[in-house]
Every structure is written in C-alpha cells, then in structure tokens.
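Worksheet: one structure, shown below.
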Amino acid sequence: MADEPLIAARGLALGYGDEAVVRDVTFAVRAGEFWCWIGPNGCGKSTLLRGLLGLLSPLAGALDVAPRLADRARIGYVPQRGELSDALPTTVRELVGLGLVGSRVPRAERSEAVRDALAQVGVLELAERSFWSLSGGQRQRALLARALVRRPELLLLDEPTEGLDVATQQALLATFDALHRTARIALVVVTHRHEIARDHADHVALFADGRVVAGAREAVLA
C-alpha cells in the first residue's frame, strides 16, 4: 500500500538494561515525510534513533518496520560529527564508499553510486580530498553522501546543523528540502532548534521527560 508506514512505533519503550529512557511512544513515518525530533539533550532522541537502526530492542510495545526495510539496508544514517574519529585517514570518495557496506547496491554499480551521491550533495569535486581537510559544512555533505549512496528510503540525521554557520546551515537545509520533495526520501532530523521544524518539517515529535508527542507539524507545534 502506498501509505504503508516505513517505521511505526506502538506504545514503544526503549532504554538500557531494564530502565526505559523513552516510553509509550506512538508514531509512524511514511514515504516522503519530513520529520523533526525536538527536545533537550538526554531526553531520548538518540535512544529512539538507536531503536530505528535496530541497535536496541523494545522493552515494551512494538516497533514495526516495513518488510523491505527490515534488514536496514535502505535506511541511511548521518551521525553527529562528534562521533567521528580521525584515526583512519580517508578521502571523501573512500568515506562515501563505506556507506555501501551491507547495502543492496550491486557491485557493478557501486562506483557510479558513489559518484551520483557525491554529485547529489554538491561535493563531487572534493572526491579525492582528505575528509579531514574539509570545512564543517563540506564534511556534513560528505557524510550525507555516505548515507545517500545506499539509495535509502528513510534517512536519519542526528543534529546535522550543529556547529555550522548560518549560511552553511541554510544551504544544508535546502538540500534536505530537495531530497524530501524530489527524491521522496523520508527524513528524520534530530535537532534542538524549533525553527527548523517550523520552517522545513511537515511532522514533528516533541521529547520531554521520557515522553514523546508526535504528529503533523501544525498540531504538535500549536
């Protein structure tokens, strides 16, 4: 069905050990939707991301994934920049190629897929540069290309605009808008900035005290 959710949570609780960080979470993400998850640090946004990535099992409730996404091969993920290590020098092309690990992209098409992903986010000319020599905005675009090379239906982005100057943030958000509108990729952007949700998202989830209120932007932000 066209409106079948890609991901759906029903009364979901997630956490570590026996302790829930988020609980009684109910929402559904469908193809082409642009979600923003908003809330302060430590409120459970990253915990829920880990659940969507299959890294945490529900403590209660259910997290349903569309069968074609069950192995997470068509889910792209852009982590916070602080999670990256410079221990392994790499070019931008090599970094983006790492996104193909575990993907369904045929081997014969992988070089073209890397090129297409780099071009899609405007960094093709940086392909042979060291990732660590790039500016903050260029690094974020390279990480976005690494996620897009998997040809995802669902793209998860953890604080993608954090630490970037205003002009770079706006350019990156314009890229997200284009992916949402033209490629029909479902986006989940984790952020603490309400204006991103107001100006770009069509669905919002507000996190506070282990609870989540989720739905259409107009209803939730009101």
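Among DSSP beta bridges whose residues both lie in the chain, state the antiparallel percentage, nearest 5.
Taking every DSSP beta bridge with both residues in the chain, the antiparallel ones total about 50 percent.
First check a/c for the stretch 93-195, with a ≥ b ≥ c the square roots of the eigenvalues of its C-alpha gyration tensor; if it is under 1.5, answer rounded, and if not, answer prolate when a/b is larger than b/c or oblate otherwise.
Since a/c reaches 1.5 but b/c is at least a/b, the shape of the stretch 93-195 is classed as oblate.
Are there any GluC sites (Glu not before Pro) in the stretch 99-203 that are in a DSSP loop and have at most 16 other Cβ atoms within 10 Å? List them by number.
GLU128, GLU162
Given a cut-off of under 8 Å on Cα pairs at least six residues apart, what relative contact order in percent is computed for the stretch 88-151?
Value for the stretch 88-151: 53 percent.
Would you work out the charge dipole size for the chain about its Cα centre, treating the Cβ of every Lys and Arg as +1 and the Cβ of every Asp and Glu as -1, and quote it to the nearest 20 debye?
480 debye
Between the helical axis of 166-182 and the dominant principal axis of the chain, each derived from Cα atoms, what acute angle in degrees is found, rounded to the nearest 10?
Approximately 80 degrees, to the nearest ten.
Please report how far the C-alpha centroid of the stretch 156-222 lies from that of the stretch 1-60, rounded to the nearest whole angstrom.
Each part's Cα centre sits 15 Å from the other's.
Report the rotationally averaged projected area of the stretch 142-222 based on its alpha-carbon convex hull, in square nanometres.
The orientation-averaged projected area of the Cα hull of the stretch 142-222 comes to 6.0 nm².
Give the value in nm², to one decimal: projected area of the alpha carbon convex hull of the stretch 2-155, averaged over all directions.
Directional mean of the projected Cα hull area for the stretch 2-155 stands at 10.3 nm².
When the chain is modelled as a GNM with alpha-carbon springs shorter than 10 Å, which of ASP64, ASP177, ASP18 fluctuates the most?
Its mean-square fluctuation being the largest, the pick is ASP18.
222 nm [θ] for the chain, helices only, -39500 (n - 2.57) per DSSP H run of 4+, per residue, to 500?
Working: 7 runs with 68 residues, N = 222.
For the chain, the value works out to -9000 deg cm²/dmol.
Quick one: putting +1 on the C-beta of Lys and Arg, -1 on the C-beta of Asp and Glu, what dipole do you get for the stretch 88-151 around its Cα centre, in Debye to the nearest 20?
Roughly 220 debye, rounded to the nearest 20.
Starting from the Kirkwood Rh over alpha-carbon pairs, what translational D in µm² s⁻¹ does the stretch 88-151 have by Stokes-Einstein at 10 °C and 1.306 mPa s?
Using the Kirkwood radius from Cα pairs, D works out to 141 µm²/s.
Considering the zone a paramagnetic label at GLU112 would reach in this model (a point 7 Å from Cα along the Cα-to-Cβ line), which residues of the stretch 147-170 have amide N under 16 Å from it?
Residues passing the 16 Å test: 149-151.
When the Karplus curve 6.51 cos²θ - 1.76 cosθ + 1.60 is applied with θ = phi - 60°, which whole-Hz ³J(HN,Hα) does each residue of the stretch 183-199 get, with x for Gly and Pro?
After applying 6.51 cos²θ - 1.76 cosθ + 1.60, I find 8, 6, 7, 6, 10, 10, 9, 8, 7, 9, 9, 5, 5, 5, 4, 4, 9 Hz.
Readers should treat all values here as calculations from the given coordinates under stated rules, not as data from a laboratory. None of the values given here were measured: they were computed from a predicted structure. Note that each Cβ is placed from the backbone with ideal geometry, even for glycine, and that neighbours are counted across all protein chains shown.
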